[in-house]
1. Within the group Val258, Val286, which residue is touching a helix residue (DSSP H, G or I) at 6+ places or on another chain (Cβ under 8 Å) and not assigned by TED's automatic domain parsing to the domain that holds Ala65?
2. Looking only at the stretch 351-389, which residues are closer than 20 Å to Gly283 by Cα, among the polar types (S, T, N, Q) and in a loop (DSSP other than H, G, I, E, B)?
3. Of the residues that sit in the stretch 34-65 and are of a type in the set (A, V, I, L, M, F, W, C), touching a Ser or Thr at 6+ places or on another chain (Cβ under 7 Å) and within 18 Å of Val241 (Cα to Cα), which one is surrounded by the most Cβ atoms within 10 Å (Cβ to Cβ)?
4. Could you check Asp309 against (1) within 18 Å of Gly26 (Cα to Cα); (2) out of contact with any strand residue (DSSP E or B) (no Cβ under 9 Å at 6 or more places or on another chain) and say which number it fails?
5. Return the residues of the stretch 220-240 that are touching a Leu at 6+ places or on another chain (Cβ under 9 Å), at pLDDT 95 or above and of a type in the set (A, V, I, L, M); say none if nothing qualifies.
6. Tell me, which helices (runs of 4 or more DSSP H) lie completely within the stretch 74-148 with 3 or more residues that are on the phi > 0 side of the Ramachandran plot and surrounded by 21 or more Cβ atoms within 10 Å (Cβ to Cβ)?
7. Sort out which residues of the stretch 260-282 are in a loop (DSSP other than H, G, I, E, B) and within 18 Å of Arg224 (Cα to Cα), and write them in order of number.
8. Is it the case that the stretch 395-416 has a residue that's at positive phi and assigned by TED's automatic domain parsing to the domain that holds Leu301?
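The values are calculated or read from the model by the stated rules, or taken from the named source; none is laboratory data. As the structure is a prediction and not an experimental result, all values here were calculated from the model. No Cβ is skipped: glycine too gets one built from the backbone with ideal geometry, and neighbour counts run over all protein chains shown.
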Amino acid sequence: MNHFDYRDGQLCAEDVPLSEIAAAVGTPFYCYSTATLERHFRVFSEAMPKGALVAYAVKANGSLAVIKTLAKLGAGADIVSGGELKKALAAGVPASKIVFSGVGKTRAEMAAGLDAQIYQFNVEGEEELDVLSEVASSKGATASVALRVNPDVDAKTLAKISTGKAENKFGIAWSRVKAAFAHAAKLPGINVAGVALHIGSQITELGPYREAFAKAVALVKNLRADGYQISRIDLGGGLGVPYNDKMAPPLPESYGAVVREAVAGLDAQLIVEPGRLITANAGVLVAQVLYVKRGEAREFLILDAGMNDLIRPALYDAWHDIVPVRHSSAHAKVYDVVGPVCESTDLFARDRELPAVSAGDLVAILSAGAYGAVQASSYNARGLAPEVLVKGRQFAVTRPRQTVDDMISQEQWPDWL
């Protein structure tokens, strides 16, 4: 469920017409709904066993306003960089609810996490363990860690967002798990507290979760039998969302039932890391039609938003529904919906049927709240689009539009030029 609906012929974010925001901030822009963010977080949290740490995956949407909205509801944060650590702390997430994931943590990032006294590092390999031990020991600190294991489970999602198979770069190979725990137990500055896994993103079947969770729980029990004090289990995130009405991923309640069944009687702190599920359908990208161009065999709808604003279709062949901001009863036409960027991959949709539109009309690219603004770039010297948060009848710009002058001010040339 989201809070983007037509009212009096206008697509609104909660109680604000998107055309009103466009008039105030220009296009393109991202718009997020507070009511949708709050509802998605509550529905997911209520589906989890009591006491679970729901650590929002900041990589899905790093807007400070979004993180703060969720932090006020009690969310923790799953982070993958020192920058995300600073953002989470700045937005009010307690360090005691922050989990540091990611395969390439630097010494500086480890030190920052230790200084902040975060809850847990999810360690991806023995080499990383050694470095974290050195950093922690140099500070006279102890890092609480969960070792991320790779259960070699096919998440049945896109190859580019699968993370739990043996060929993926993530986690410790299943055959080396016992050796990795034995190694960690000997290191100074390391407290081996848990087992972690994360098998992928946009997962639309529960079977892979059942298989991965069963392996993780069995591992916890085996490790405890070997004398390890394993008190935490981090099951990751990745539950899919409907990008169109033909998709029907499992509901949080169904996912929660699988989690509850898997960890029943385990007596361990549960950590889950939803990201896309919270933010994807809570955001849209609004753009203006620049031209309707007739080609040899097709018509092109050329928008002022491009792949630099939303790269998911170019990167993953991802589907996003596209709708007119003003409700239209015009006859349907088939378009290739494209942007102005000088790349053939600057394509949002091919052969997409839409009500006939004209230059100057506004369209909304739906389900753009996850992996949209965070993956944006200034390619072609196109400034980052602004982000707007709506609450009821109010809206506020939470990140202003980046101008070319902003970009130029960040550059310089050497004295010899």
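1. Val286
2. Residues satisfying the conditions are Ser367, Ser377.
3. Only one residue tops the list, namely Leu37.
4. (2)
5. Selection gives Val220, Ile230, Ile233, Leu235.
6. Correct list: empty, since no element meets the threshold.
7. Ala264, Gly265, Leu266, Asp267, Ala268
8. No, because not a single residue in the stretch 395-416 is at positive phi and assigned by TED's automatic domain parsing to the domain that holds Leu301.
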